[in-house]
Amino acid sequence: MTVRALPLPPTDAEVDAWTAVLAAAQAVDLPQGPPPARTEVAGRLRVTPARGRAALWTADGGTGVAALLLFTDEANAHTAFLDVLAVRPDARRRGLGRALWEQVRAELLAQGRTSVSTLVDLGGPGQAFAESLGFENVLPMAWYEQDVRPQRPRDGDFAPAAPACASAVAPGYELHAWHGRVPDDWAGPLATAHGAMEDAPMGDIDEKTERWTPQRLHASHRLILDRGGEITTVAAVTGEGEVAAYTELVLPDPAGPRALQYDTVVAPAHRGHGLGGAVKRHMLELALHRYPGLRRIDTTVADENIPMRAVNERLGYRRARPAAYYQLSL
């Protein structure tokens, strides 16, 4: 059994092997989902966030893989995120997962980390493996899916499925949308609105929230673009130029059928006006127009975030499978 660290950035052959491992594992563990897109896998392996440093390992000629993100911002220099640890189904029960974990653990200790977290789908082999290592559930949540497949109208032609309501917003607000990098003159107000995420449920996750600035906002959007993806932001704004609510939609592979609903935030002073639903409805309208091949939007919501769960339910999201942030103290 051999585990080796991958050089950064990995070669095309190493990206292909990594993608094959993830595809084989998902075909068994999550057969209902689309296979991982190579564009997304390559982007995540080759472009590391500005606030972190990546470490990659492969086992036994590419039958198992692991990816660790070591945060480099001062507030989180004590922790890290285990992004991937996967083994091909036909190579399981041979200790490959444990061998990969030992390399990850050694790197965590060498870097002085005192905790590590990971996102786990519940009820499958990932949960059992994480719990065998001592990880604990610190934030229960679930994946939700919105089906946006075309529907067949009466004339026999295909047309995109329409959202439940036409795009509208409460009096006193306007809807703005930006594809890609948000313009400089809106980066400040949007960063301020991002700060409203501080009251979102975070359970006992040992990761500190960085203060949002225009620079951090641009860096997060640039990361998505550099990885080959696309992002659209929709905001409800006031006449004074304040961002009262916003939502972000990301396509890790713009040619693929799947999108990810990122943050949706309503600033506390503007809650109770239906702005969360308004920005999401408008986002869906734009996405259906821009991406005719889009079939599904996925998002995660913490179990205790009852208001956002209610918004998603009204928009047609269904609970797909339970998940959780798991954390280990070292």
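Judged by the gyration tensor of its Cα atoms, with axes a ≥ b ≥ c, region 174-241 is oblate; a/c meets the 1.5 cut and b/c is at least as large as a/b.
Given springs between every Cα pair under 10 Å in a Gaussian network model of the chain, which of A110, A55, A196 has the largest fluctuation? Judging by the Gaussian network model, the answer is A110. V3 sits among other residues whose Cβ lies under 15 Å from its own Cβ, and their net charge, with Lys and Arg +1 and Asp and Glu -1, is +1. Annotation: the antiparallel percentage among DSSP beta bridges lying fully within region 144-322 is about 90.
Here the label points at D204 and D226, each 7 Å from Cα along the C-beta direction, are separated by 3.5 nm in the simple model. Full extension of the chain between R53 and R271 gives 74.8 nm of extra length, using 0.36 nm per residue less the Cα-Cα distance.
Relative to the Cα centre, the charge distribution of region 209-329, modelled as +1 at Lys and Arg Cβ and -1 at Asp and Glu Cβ, gives a dipole magnitude of about 400 debye. Could you check what % of the DSSP bridge pairs in the chain are antiparallel, to the nearest 5? Given both bridge residues lie in the chain, the antiparallel proportion sits at roughly 95 percent.
The length gained by stretching the chain between A110 and D29 to full extension, at 0.36 nm per residue less their Cα-Cα distance, is 26.0 nm. Over all other residues within a Cβ to Cβ distance under 14 Å of L96, the charged ones net out to +3, with Lys and Arg as +1 and Asp and Glu as -1. The phi-based Karplus calculation (6.51 cos²θ - 1.76 cosθ + 1.60; θ = phi - 60°) puts the 3J(HN,Hα) values of region 52-69 at x, 10, 8, 10, 10, 9, 9, 10, 6, x, x, 8, x, 9, 8, 9, 10, 10 Hz, whole numbers, x for Gly and Pro.
What is the sum of charges around V250, taking Lys and Arg as +1, Asp and Glu as -1, for the other residues whose C-beta is under 12 Å from the C-beta of V250? Net charge around V250: -4.
A Cβ-based charge dipole, computed about the Cα centre of the chain with Lys and Arg at +1 and Asp and Glu at -1, lands at about 740 debye. Modelled spin labels at H289 and E304, positioned 7 Å past Cα toward Cβ, are 4.0 nm from each other. Applying 1/(1 + (r/R0)^6) with R0 = 41 Å to the Cβ-Cβ distance of R94 and A177 gives a FRET efficiency near 0.25.
The calculated FRET efficiency for A77 paired with R149, based on their beta-carbon distance and R0 = 56 Å, is about 0.80. The mean sequence separation of alpha-carbon pairs under 8 Å and at least six residues apart, normalised by the residue count of the chain, gives a relative contact order of 23 percent. When the Gaussian network model of the chain links Cα atoms closer than 10 Å, the mean-square fluctuations of G33, G62, G277 top out at G33. Taking label positions 7 Å along the Cα-Cβ direction at both E136 and A255, the computed distance is 4.6 nm, reported to one decimal. When the helices of the chain are scored as -39500 (n - 2.57) per DSSP H run of n ≥ 4 and the total is divided over every residue, the value at 222 nm lands at -9500 deg cm²/dmol.
Here, each number is a calculation from the coordinates, and none is a lab measurement. Predicted model only: the values in this text are computed from it and were never measured. Cβ atoms come from the backbone with ideal geometry, glycine included; neighbour counts cover every protein chain shown.
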